[in-house]
Amino acid sequence: MIDYSRARERMIAAHLSRRGITNPDVLEAMRSVRRETFVEPGYEEFAYEDTALSIGHGQTISQPYIVALMIERAEVRPGDIVLEIGTGSGYAAAVLSRIAGHVYTIERHAGLAGAAQRRFAEGGYDNIDVRIGDGSTGWPKAGPFDAILVAAGGPEVPHALKEQLDIGGHLVVPVGPRDEQRLMKITRVNATDFEEQDLGGVRFVPLVGEQGWSDDLAGSR
Ligand code: SAM
C-alpha cells in the first residue's frame, strides 16, 4: 500500500495553511483522514491535489480547501451535532466526524450513500449516520444542529435547514445560479432572527430537491 502521508502534509501546508485555514481542530482532522480512500479506484495519486474529482453519478468529491473552509466557517467544535447535505464520497463527513460528536449526512444517490457507508465502516468512522433521500428538507428528528453544511448549491437558502439550526448554530450553504454561487454563512441569533454573511464565490453541483432545483439539468426550479 502506498503511503500518502507526505502528500497529505504537503496538501495541508500548501492548500490549507497557506490559504488561511488556521483552526487547529480543522487542520488536525484534515490530517487524520486518508482522502485517497474516498476517491474512485485509479485516482488515488490525485487525492492530495486541491481539486474536485469525479465520483460517478455526475457528482464530485469536493476540493480539500473548500471542505476545510466550510468546516472552519461553520465553527464546528468538539462534541457538536452536525448535519451535512450531500454525502458524496463521504470525505467531508469523515473529516467532520473527527471534530464533531456526531455527524448526520444525507445523499440522494443510493449508490453514493452505500459506497460512503462502506468507507465509514472500513475506516472506523462510527459516529456518522447516513440517510438516502432529499436533504434540502433536512433531518428534523436528529436536530437541532450546532452546524449544517450543504455541499450542493440551491437557488436560495433552504428554510427547513435554517429552522433546524440550534440557537447560535451556523449553516454554510452555496446559494445562487446553477453555474456559480455565493457561499453563505447563516447564524441563528435567536428563535426568529438570523445573521447572514457572504463568504465568497464558489462552484458546486446543484442541490436537487424540494428546497433546491427540480432536477440535475434544468435551469429553473
Ligand atoms: N461532501 C461530498 C464529499 O466530500 O465527497 C461532496 C458532495 S458533492 C459536491 C454534492 C453531493 O450532493 C452529490 O453527491 C449530490 O448527489 C448530493 N445532492 C444534491 N442534492 C441533494 C439533496 N437534495 N439531498 C441530498 N444530497 C444531494
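What follows draws every value from the coordinates through simple rules; no lab data is involved. Since the model is a prediction, treat every value here as computed from it, not as a measurement. Here the Cβ positions follow ideal geometry from the backbone for every residue, glycine too, while neighbour counts run over all protein chains shown.
Each DSSP beta bridge with both residues in segment 102-221 is either parallel or antiparallel, and the antiparallel ones are about 50%. Between Asp179 and Ala13, the modelled labels are 3.9 nm apart [label points 7 Å from Cα along Cα→Cβ]. In the calculated pair-distance distribution of the chain, the portion above 25 angstrom amounts to 33 percent of the Cα-Cα pairs. Expressed to the nearest 5 percent, the antiparallel share of DSSP beta bridges inside the chain is 45 percent.
Each label point was placed 7 Å from the Cα along the Cα-to-Cβ direction; for Arg203 and Glu122 their separation is 3.0 nm. May I ask for the net charge around Thr105, where only other residues with Cβ less than 10 Å from the Cβ of Thr105 are counted and Lys, Arg are +1 while Asp, Glu are -1? So the surrounding residues net to -2. Highest mean first, the peptides 81-93, 5-17 sorted by other C-beta atoms within 10 Å per residue fall in the order 81-93, 5-17. The fraction of Cα-Cα pairs per 5 angstrom bin, counted from 0 for segment 121-202, comes to 3, 15, 24, 22, 18, 12, 6, 2, 0 percent, rounded to whole percents. Among the GluC sites (Glu not before Pro) within segment 156-187, those in coil by DSSP and having at most 13 neighbouring Cβ atoms inside 10 Å are Glu156, Glu180. Once the Cα atoms of helix 110-123 and of the chain are each reduced to a long axis, what angle between those two axes, in degrees from 0 to 90 to the nearest 10, is obtained? Compared with the principal axis, the helix lies near 50 degrees.
If r is the Cβ-Cβ distance from His159 to Glu28 and R0 is 41 Å, what FRET efficiency results, to the nearest 0.05? With R0 = 41 Å, the Cβ-Cβ based efficiency is 0.75.
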